[in-house]
Structure formats: C-alpha cells, structure tokens
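The values are calculated or read from the model by the stated rules, or taken from the named source; none is laboratory data. As the structure is a prediction and not an experimental result, all values here were calculated from the model. Positions of Cβ are backbone-derived with ideal geometry, glycine not excepted, and every protein chain shown enters the neighbour counts.
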Amino acid sequence: MKICYEEFPFIDSKDRSRSKLYKQVEAYVGQRCWEMAEKLKVKPGKGKTEMKFSMDISRKSYQLTFNRRHRDVVLNAYLKHVSEEGKKILKQSKFQKIHSNEDDGWEGQTWKYFDFEHSASFRTLAMEPTLKQRIINDLETFRKGKSSLIAAMANHLQYDIYSLELTTIRDNIELNNLLLDTTKKAIIVIEDIDCTLDVTLTAANRTKKKKGSKEDDSNKSKLTLSGLLNSIDGLSSGCVQERIFVFTTNHIEKLDPALIRRGRMDMHIVMSYCRFEAFKLLAKNYLNIDHHPLFERIGVLLEEVDMTPGDIAEKFDAQTPWRQRSLVTALEDAKEAATLKAQEQKEQAAEKSVADGDHDDNEPC
C-alpha cells in the first residue's frame with residue numbers, strides 16, 4: 001500500500017496553501033533520516049557556535065510504502081506518530097523568519113523565507129517612552145513604523161514576519177489562500193500601502209481615476225478593497241489566530257476610511273520626530289554615553305527643530321571625534337533654515353493680503 005503527502009494537495013483548485021502535514025513529514029524525515037543521507041544541509045543553531053544538520057530535501061511530495069498487513073498500525077498509530085514528532089521538531093528548531101510572497105509558476109503565489117536576524121528590541125528603540133510603553137502594552141494584550149519598530153515587535157513576541165506585496169497578487173482568492181498559509185503567530189506587513197493598489201484609494205478618487213483611465217485592464221490585478229478587508233478580519237481570518245497586520249504609509253489621507261477605521265486598525269502610530277528622551281537612547285546605543293556637556297544644548301534644540309531619529313543616527317554613524325558637536329551644528333542650521341522659511345512665508349502672506357486689499361479698492365461701487 002502507498003500513502004502520498006503532497007506539498008500542494010489542491011492542484012485542481014485555486015487553493016495554493018502549503019500542506020501542514022507535508023511540513024510535519026518533511027521535518028520528521030529531515031531530522032530522523034539525515035544520518036543515512038549522502039547530501040546534508042547545515043544552518044546556524046540558536047547559540048553562536050551551534051550548528052543544525054538535516055537532509056537537503058527538494059521535492060514536492062513524500063510517499064510512504066508499506067505491506068497491507070500493517071495497514072491498521074500505519075493508519076491508527078504510525079501516521080499520528082509522524083505528525084506529532086514533526087510538530088515537535090518544527091517547534092524545537094523554530095527560528096523567526098521573514099517571508100515574502102512571489103509567483104512560483106503553476107503554484108501561483110507562495111511564501112519564500114529566510115531566517116530573521118535583527119538586533120532591534122524595544123529596549124534599544126529610539127522612541128518617546130510613553131508611546132513605546134503604549135505599543136508594548138497593546139502587544140502584550142494581543143490587540144491587534146517602520147523597520148526597526150516592526151523588528152522590535154517581532155522580537156518581543158517571537159513572531160515571524162511576512163512581507164506582503166499586493167501588486168503581484170491576481171485576485172481576492174489568491175490573497176485569501178496566501179494569508180491562510182501563514183504561521184499561527186505572524187506579523188503581516190504591507191509597506192507603503194498608499195502607493196500599492198487602487199484598493200487603498202478613497203471611493204471618490206477611485207471613481208475619478210476610473211473615468212480618466214484609458215489603460216488596458218486585461219492584465220491588471222482583480223484584487224478589491226472588499227477582498228482585502230475580508231482577508232484581514234472576515235470569516236476566513238478566524239482560521240489563523242494571533243496575527244498582527246502592520247500597514248505603513250506616508251499619506252494616511254489617501255486611504256479609504258473603511259481600511260483604517262478604529263476596530264480594524266487598533267493603533268494608529270505616528271513615527272514622530274526625535275525629542276530629547278529618544279535622543280538619549282540613541283546616544284547610549286551609538287556612543288555608549290549617558291551624559292555629555294552638549295546634552296543640554298541638544299535638548300533645547302530638539303524641542304525647536306524637527307529631526308528624525310534616522311537623521312540623528314546618521315550623524316552618530318560618522319566616524320569623527322566630534323560627532324556630538326556635528327549634531328549641534330546640524331540642529332542649529334536646521335533651526336536657522338526653519339526660521340528663514342517661516343519669515344518668508346509670513347512676508348508672502350503679507351504681500352498677498354496687500355494685493356487683495358488693492359484689488360478690493362479698485363472695484364466699482
């Protein structure tokens with residue numbers, strides 16, 4: 001008798017989800033049979049010097065062959081044993097991973113992954129303490145930025161990261177199947193969603209764009225806003241629990257209100273400019289200092305000048321002995337530029353007001 005485990009068992013349907021049983025069998029075979037294998041795969045373990053060995057496997061199915069007289073043992077005991085042991089092996093060898101979706105020919109959209117290695121944590125994240133604590137509290141109660149924040153979230157919860165590129169997805173069914181194939185504990189990231197697809201536009205803008213469009217729609221994605229919303233929190237979303245969706249955008253005003261309403265997107269986080277508390281953490285992370293004579297001046301300037309944590313980190317990255325003084329100079333230059341800009345805007349407004357007054361005076365009575 002023969003039993004076959006297919007990696008993608010639903011060949012005749014649009015469901016391209018990778019079989020969980022296949023993953024368990026793959027883990028079991030790779031771990032238990034590697035001593036007999038002629039070709040091995042090695043990857044780093046959880047310790048700095050630890051290495052993990054397994055079979056180098058590249059196949060789409062596994063076939064179990066056995067004598068008919070062992071049917072009851074195989075069906076009632078052995079298959080269950082393989083599944084349970086496979087689950088244990090997967091759990092023990094679990095590394096956090098970053099997954100990204102791509103088209104894999106006849107299989108459609110599938111997840112490809114690599115091990116997630118990022119040092120970011122909430123302890124080292126340069127962010128205002130009150131906002132940081134609010135995010136931590138929200139994560140720890142399982143209510144559902146940018147790269148460092150997402151990495152800190154993943155490390156805090158020990159979740160995998162899935163980077164979802166919507167532009168490569170053909171339709172709503174493909175998106176739904178892709179999301180069903182994520183792990184139980186996952187952070188799903190859709191970056192720059194305001195530039196991704198028409199599904200992110202407000203209803204008025206979609207109508208306006210459609211009227212003015214002369215493009216051929218035959219090859220365009222059939223993914224809809226409704227399909228995206230149902231994948232996030234519709235009935236099928238209940239099949240995969242403990243997921244966190246993270247959308248990033250530079251233009252929240254462009255997004256459809258249905259996408260970002262409270263209750264669907266539980267937290268709206270504004271990655272604000274760096275203030276003094278966040279600056280002190282950056283100084284500790286980059287320069288390993290807690291105090292410096294220039295701190296007082298920098299603290300005053302940071303309340304007057306808008307500068308991102310990335311801009312400050314760039315100054316700290318410069319390999320010069322006067323990095324703090326260089327930062328002060330940059331802040332003072334930015335303050336002077338902001339003052340000049342404000343003065344120009346004030347003068348332009350005054351000139352416009354005078355011009356409008358002259359126009360009114362010349363109107364006939």
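If only residues of segment 65-98 that are exposed (fewer than 15 other Cβ atoms within 10 Å of the Cβ) and modelled with pLDDT under 85 are counted, the one that is farthest from Leu157 (Cα to Cα) is Lys88. Kindly evaluate Val354 against the criterion of being part of a helix (DSSP H, G or I), β-branched (Val, Ile, Thr) and modelled with pLDDT under 75. In short, yes.
When Ala313 is tested against (1) among the aliphatic types (A, V, I, L, M); (2) surrounded by fewer than 16 Cβ atoms within 10 Å (Cβ to Cβ); (3) assigned by TED's automatic domain parsing to the domain that holds Leu125, just one condition goes unmet, and that condition is (3). If you check Lys214, Lys222, Lys208 for being at pLDDT 80 or above, farther than 21 Å from Arg134 by Cβ and not assigned by TED's automatic domain parsing to the domain that holds Gly310, only one passes: Lys222.
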